[in-house]
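First the structure, then my questions, so here it is.
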Amino acid sequence: PAGPAEGASCNLGAGIISIDGATYWVIESAGASWVVSLDLENEVVTRVKGLPGHPAGPEHYHLTEVHGRLGIVVRGVSRTTEVWVLDEGRRNWSCQYSLTRHNVPRPHFVFGECILTLDESLIRGHYNESLIRGHYRQTGVWSSSNKAVPVRVSHRAHGRPLVITSGRGRTFRYVKTMESLSIYYAP
(Lines give C-alpha, C1' and ligand atoms only; values in the text may rest on other atoms or scores of the structure.)
Protein backbone atom coordinates (compact mmCIF):
# COMPACT_ATOMS: atom_id res chain seq x y z
CA PRO A 1 0.00 0.00 0.00
CA ALA A 2 0.97 3.60 -0.51
CA GLY A 3 1.95 6.02 2.20
CA PRO A 4 -0.48 8.13 4.22
CA ALA A 5 -3.08 10.26 2.46
CA GLU A 6 -2.50 13.97 2.13
CA GLY A 7 -4.20 15.89 4.94
CA ALA A 8 -4.23 12.89 7.28
CA SER A 9 -3.70 13.52 10.98
CA CYS A 10 -1.88 11.38 13.53
CA ASN A 11 -3.90 9.97 16.44
CA LEU A 12 -1.31 10.40 19.20
CA GLY A 13 -3.75 8.95 21.74
CA ALA A 14 -3.37 5.56 20.04
CA GLY A 15 0.33 5.62 20.86
CA ILE A 16 3.48 5.13 18.85
CA ILE A 17 5.22 1.78 19.11
CA SER A 18 8.41 0.30 17.63
CA ILE A 19 8.72 -3.39 16.76
CA ASP A 20 11.52 -5.15 14.92
CA GLY A 21 12.97 -2.16 13.06
CA ALA A 22 9.70 -0.35 12.29
CA THR A 23 7.76 2.35 14.11
CA TYR A 24 3.94 2.32 13.92
CA TRP A 25 1.24 4.92 14.53
CA VAL A 26 -2.39 5.54 13.50
CA ILE A 27 -3.56 8.18 11.04
CA GLU A 28 -7.08 9.41 10.40
CA SER A 29 -8.36 10.83 7.15
CA ALA A 30 -11.86 11.30 5.74
CA GLY A 31 -13.46 9.26 8.54
CA ALA A 32 -11.15 6.26 8.12
CA SER A 33 -8.25 5.14 10.32
CA TRP A 34 -5.09 3.35 9.21
CA VAL A 35 -1.95 1.98 10.79
CA VAL A 36 1.17 3.48 9.21
CA SER A 37 4.78 2.34 9.59
CA LEU A 38 8.21 3.87 9.19
CA ASP A 39 10.86 1.34 8.23
CA LEU A 40 13.80 2.66 10.24
CA GLU A 41 16.45 1.08 8.00
CA ASN A 42 15.10 2.24 4.64
CA GLU A 43 13.31 5.36 5.95
CA VAL A 44 10.14 4.51 4.03
CA VAL A 45 6.63 5.35 5.31
CA THR A 46 3.95 2.82 4.35
CA ARG A 47 0.25 2.52 5.04
CA VAL A 48 -0.05 -0.93 6.66
CA LYS A 49 -3.67 -1.82 7.37
CA GLY A 50 -7.06 -0.44 8.41
CA LEU A 51 -8.16 -0.93 12.01
CA PRO A 52 -9.85 -4.19 13.08
CA GLY A 53 -12.72 -4.69 15.48
CA HIS A 54 -14.67 -1.52 14.55
CA PRO A 55 -13.61 0.82 17.39
CA ALA A 56 -16.33 3.23 18.56
CA GLY A 57 -13.94 6.18 18.23
CA PRO A 58 -10.29 7.23 18.47
CA GLU A 59 -10.33 7.12 22.28
CA HIS A 60 -11.37 3.43 22.23
CA TYR A 61 -8.17 1.87 20.86
CA HIS A 62 -4.39 1.93 21.16
CA LEU A 63 -1.39 0.15 19.67
CA THR A 64 0.47 -2.58 21.54
CA GLU A 65 3.12 -5.25 21.00
CA VAL A 66 2.22 -8.92 21.46
CA HIS A 67 5.04 -11.47 21.28
CA GLY A 68 7.02 -9.35 18.81
CA ARG A 69 4.07 -8.49 16.55
CA LEU A 70 1.94 -5.40 16.12
CA GLY A 71 -1.33 -5.43 18.02
CA ILE A 72 -4.21 -3.10 18.67
CA VAL A 73 -6.33 -3.02 21.82
CA VAL A 74 -9.99 -2.18 21.10
CA ARG A 75 -12.24 -1.31 24.03
CA GLY A 76 -15.88 -1.93 23.18
CA VAL A 77 -18.86 -0.08 24.59
CA SER A 78 -20.04 -3.42 26.04
CA ARG A 79 -17.01 -3.46 28.42
CA THR A 80 -15.22 -6.10 26.38
CA THR A 81 -11.62 -5.45 25.38
CA GLU A 82 -10.31 -7.28 22.32
CA VAL A 83 -6.69 -7.48 21.26
CA TRP A 84 -6.10 -7.93 17.55
CA VAL A 85 -2.66 -9.00 16.27
CA LEU A 86 -1.35 -8.48 12.74
CA ASP A 87 0.07 -11.57 11.04
CA GLU A 88 3.70 -11.71 9.95
CA GLY A 89 2.82 -10.85 6.35
CA ARG A 90 0.93 -7.75 7.59
CA ARG A 91 -2.16 -8.85 5.66
CA ASN A 92 -4.71 -9.91 8.29
CA TRP A 93 -5.70 -9.07 11.84
CA SER A 94 -6.77 -11.89 14.16
CA CYS A 95 -8.39 -11.53 17.57
CA GLN A 96 -5.92 -13.12 20.02
CA TYR A 97 -7.35 -11.94 23.37
CA SER A 98 -10.81 -11.08 24.66
CA LEU A 99 -11.11 -9.62 28.16
CA THR A 100 -14.45 -9.01 29.86
CA ARG A 101 -14.56 -5.95 32.14
CA HIS A 102 -10.78 -5.55 32.11
CA ASN A 103 -8.57 -2.79 30.71
CA VAL A 104 -4.90 -3.38 29.91
CA PRO A 105 -1.82 -1.25 30.68
CA ARG A 106 0.10 0.43 27.88
CA PRO A 107 2.02 -0.28 25.79
CA HIS A 108 2.83 -3.89 26.87
CA PHE A 109 0.45 -6.24 28.67
CA VAL A 110 1.42 -9.80 27.64
CA PHE A 111 4.49 -11.31 29.28
CA GLY A 112 4.88 -14.99 28.39
CA GLU A 113 1.96 -16.78 30.04
CA CYS A 114 0.94 -13.73 32.09
CA ILE A 115 -1.61 -11.12 31.05
CA LEU A 116 -1.56 -7.79 32.88
CA THR A 117 -4.81 -5.93 33.50
CA LEU A 118 -5.39 -2.42 34.77
CA ASP A 119 -7.91 -1.44 37.42
CA GLU A 120 -8.35 2.32 37.46
CA SER A 121 -11.08 2.36 40.08
CA LEU A 122 -10.90 3.98 43.50
CA ILE A 123 -7.86 2.69 45.42
CA ARG A 124 -7.29 3.77 49.02
CA GLY A 125 -9.48 6.84 48.55
CA HIS A 126 -7.57 8.17 45.51
CA TYR A 127 -8.86 8.31 41.95
CA ASN A 128 -5.45 8.95 40.40
CA GLU A 129 -4.00 5.53 41.26
CA SER A 130 -4.18 2.35 39.20
CA LEU A 131 -3.72 -1.26 40.21
CA ILE A 132 -1.93 -3.59 37.80
CA ARG A 133 -2.87 -7.24 38.22
CA GLY A 134 -1.24 -10.36 36.78
CA HIS A 135 -3.44 -13.13 35.38
CA TYR A 136 -1.86 -16.53 34.97
CA ARG A 137 -3.44 -19.41 33.06
CA GLN A 138 -6.11 -21.05 35.24
CA THR A 139 -9.06 -23.28 34.49
CA GLY A 140 -12.28 -21.28 34.30
CA VAL A 141 -10.76 -17.81 33.97
CA TRP A 142 -8.57 -18.29 30.89
CA SER A 143 -9.85 -20.33 28.05
CA SER A 144 -8.23 -21.56 24.85
CA SER A 145 -4.73 -22.71 24.17
CA ASN A 146 -5.73 -23.05 20.51
CA LYS A 147 -4.11 -20.19 18.55
CA ALA A 148 -7.13 -20.01 16.22
CA VAL A 149 -9.41 -19.11 19.16
CA PRO A 150 -8.82 -15.97 21.25
CA VAL A 151 -7.65 -16.30 24.84
CA ARG A 152 -10.53 -15.13 27.03
CA VAL A 153 -10.13 -13.63 30.48
CA SER A 154 -13.51 -13.46 32.21
CA HIS A 155 -14.84 -10.78 34.53
CA ARG A 156 -14.53 -13.33 37.38
CA ALA A 157 -10.73 -13.30 37.04
CA HIS A 158 -9.40 -11.04 39.78
CA GLY A 159 -5.73 -11.70 39.12
CA ARG A 160 -2.84 -11.21 41.48
CA PRO A 161 -2.18 -7.60 42.55
CA LEU A 162 1.30 -6.64 41.35
CA VAL A 163 1.76 -2.88 41.63
CA ILE A 164 -0.12 0.34 42.37
CA THR A 165 0.87 3.22 40.11
CA SER A 166 0.23 6.93 40.52
CA GLY A 167 -1.30 8.53 37.48
CA ARG A 168 -0.61 6.87 34.16
CA GLY A 169 1.93 4.08 34.65
CA ARG A 170 3.66 2.52 31.65
CA THR A 171 4.72 -1.08 31.25
CA PHE A 172 7.86 -2.13 29.43
CA ARG A 173 8.86 -5.23 27.57
CA TYR A 174 10.24 -8.00 29.79
CA VAL A 175 14.01 -8.41 29.64
CA LYS A 176 15.66 -11.23 31.56
CA THR A 177 18.50 -10.09 33.79
CA MET A 178 21.01 -11.79 36.04
CA GLU A 179 21.33 -8.66 38.20
CA SER A 180 19.99 -8.98 41.72
CA LEU A 181 16.85 -6.89 42.13
CA SER A 182 17.47 -6.50 45.86
CA ILE A 183 19.59 -3.39 45.13
CA TYR A 184 16.32 -1.59 44.27
CA TYR A 185 14.77 -2.30 47.67
CA ALA A 186 13.82 0.89 49.48
CA PRO A 187 14.44 0.55 53.25
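Residue 87 versus (1) buried (at least 17 other Cβ atoms within 10 Å of the Cβ); (2) acidic (Asp, Glu); (3) more than 30 Å from residue 160 (Cα to Cα): which is the lone unmet condition?
Here residue 87 meets the rest and fails (1).
Next question. Is it the case that the range 50-66 has a residue that's free of Cβ contacts under 8 Å to residues at least 24 places away in the same chain and over 29 Å from residue 165 (Cα atoms)?
yes
Okay, moving on. Within the range 11-52, track down each residue that is β-branched (Val, Ile, Thr) and farther than 16 Å from residue 65 by Cα.
Within the range 11-52, 27, 44, 45, 46 meet the criteria.
Report, by residue number, each residue of the range 80-106 that is outside any strand (DSSP E or B), free of Cβ contacts under 8 Å to residues at least 24 places away in the same chain and more than 22 Å from residue 38 (Cα to Cα).
Residues satisfying the conditions do not exist here.
If you take the residues in the range 57-75 that are surrounded by 12 or more Cβ atoms within 10 Å (Cβ to Cβ) and either of a type in the set (S, T, N, Q) or over 14 Å from the mean Cα position of the chain (by Cα) (or both), which one is farthest from residue 28 (Cα to Cα)?
The extreme case among them is 64.
How about the range 47-69: which of its residues are closer than 15 Å to residue 16 by Cβ and touching an Asp or Glu at 6+ places or on another chain (Cβ under 9 Å)?
Start the filter on the range 47-69 by keeping residues that are closer than 15 Å to residue 16 by Cβ, which leaves 48, 58, 61-65.
Across the range 47-69, the qualifying residue is only 58.
For the subset of the range 101-149 comprising residues that are polar (S, T, N, Q) and loosely packed, with under 13 Cβ neighbours inside 10 Å, which member is modelled with the highest pLDDT?
Step one: list which residues in the range 101-149 are polar (S, T, N, Q), which gives 103, 117, 121, 128, 130, 138-139, 143-146.
Now restrict to residues that are loosely packed, with under 13 Cβ neighbours inside 10 Å: 121, 128, 138-139, 145-146.
On the way: 121: 61, 128: 65, 138: 57, 139: 49, 145: 50, 146: 46.
Per the stated criteria, the residue is 128.
The values are calculated or read from the model by the stated rules, or taken from the named source; none is laboratory data. All values reported here derive from a predicted model rather than from experimental measurement. Heads up, the Cβs are rebuilt from the backbone with ideal geometry, glycines too, and the neighbour counts pull from every protein chain shown.
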